[in-house]
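Data block below; observations after.
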Amino acid sequence: MDDDTLHTLLSKGRLSGAQRERILGRVLEQHAPQRPRFRRWGVMAAVALPAAAAVALAVGLSGRSPAPDESGEWLVPKGSATGVHLEARCPERAPGSCRHGDRLIFSADGAKRDGFLGAYAICSTGERIWYFPTADGTMPSVHAGAGHVVADHAARIGAEHGAGRCDLSLFLLERRADRASILAGSAAVTGKASIAFEVQP
């Protein structure tokens with residue numbers, strides 16, 4: 001005779017305390033709220049989300065590459081300009097390359113308003129070579145617009161550049177400024193970029 005039968009005989013057909021507790025335990029076990037399975041996944045997702053957001057932010061904030069013209073001759077800036085992308089090139093040359101006698105053409109992409117271009121280069125000779133403003137204060141105007149907007153003046157790569165690397169600094173200004181103001185940082189600059197190129201004799 002098992003324990004349940006014995007308890008039933010002794011209690012005259014009524015459930016004993018031990019039986020009641022076993023039945024109650026089974027009922028509670030069957031109706032107990034199950035722990036949501038998604039909790040672990042939710043924790044993992046919460047941990048992964050900041051990392052995913054950081055990747056998206058890094059991709060979103062990375063400087064975009066300049067769109068080359070059909071010949072792929074745009075020189076590549078070291079850093080993108082603030083709010084506008086400034087570029088320069090020597091036509092019919094490989095990217096980042098110029099020769100004595102070449103014209104250096106400047107352009108802007110994404111300018112929100114009209115402005116003026118300032119530019120100089122420091123080459124292997126150690127001399128600061130000013131393109132704009134010129135000695136008489138001339139500065140190319142840059143008009144706002146989508147795509148590449150080419151400045152209305154170009155520079156000439158002369159013998160004063162020597163041979164080798166040149167570091168070109170470009171500035172988009174709200175209004176005309178002199179060389180001293182640009183160097184002192186007091187000119188109203190809306191965008192700037194640095195470009196390295198090689199000069200071949």
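The values are calculated or read from the model by the stated rules, or taken from the named source; none is laboratory data. Please read all numbers here as calculations on a predicted model, not as lab measurements. Positions of Cβ are backbone-derived with ideal geometry, glycine not excepted, and every protein chain shown enters the neighbour counts.
The set of residues in the stretch 182-196 that are assigned to a loop (DSSP other than H, G, I, E, B), surrounded by fewer than 19 Cβ atoms within 10 Å (Cβ to Cβ) and not hydroxyl-bearing (S, T, Y) comprises G185, A188. Within the stretch 122-146, restricting attention to residues that are under 14 Å from A108 (Cα atoms) and among the small types (G, A, S), which residue is surrounded by the fewest Cβ atoms within 10 Å (Cβ to Cβ)? Here the residue is A146.
Restricting attention to the stretch 147-162, the residues that are in contact with a Pro (Cβ under 6 Å, 6 or more places away or on another chain) and surrounded by 13 or more Cβ atoms within 10 Å (Cβ to Cβ) add up to 2. May I ask you to verify whether D167 is charged (D, E, K, R) and in contact with a strand residue (DSSP E or B) (Cβ under 6 Å, 6 or more places away or on another chain)? The answer is yes for D167. Note on the stretch 74-97: among residues that are hydroxyl-bearing (S, T, Y) and modelled with pLDDT under 90, the one that is nearest to the chain's Cα centre (by Cα) is S80.
Against the test of being more than 23 Å from G83 (Cα to Cα), of a type in the set (K, R) and surrounded by fewer than 20 Cβ atoms within 10 Å (Cβ to Cβ), the options R165, R179, R175 yield a single qualifying residue, R165. Answer yes or no as to whether E198 is over 15 Å from L104 (Cα atoms) and acidic (D, E). Here the answer is no, as E198 does not meet what is asked. Conditions first: (1) touching a helix residue (DSSP H, G or I) at 6+ places or on another chain (Cβ under 8 Å); (2) modelled with pLDDT under 95. G115 passes all but one, so which condition is the exception? Every listed condition holds for G115 apart from (1).
Here the condition is being crowded, with 16+ Cβ neighbours inside 10 Å and basic (K, R); of R103, R113, R93, it holds for R93 alone.
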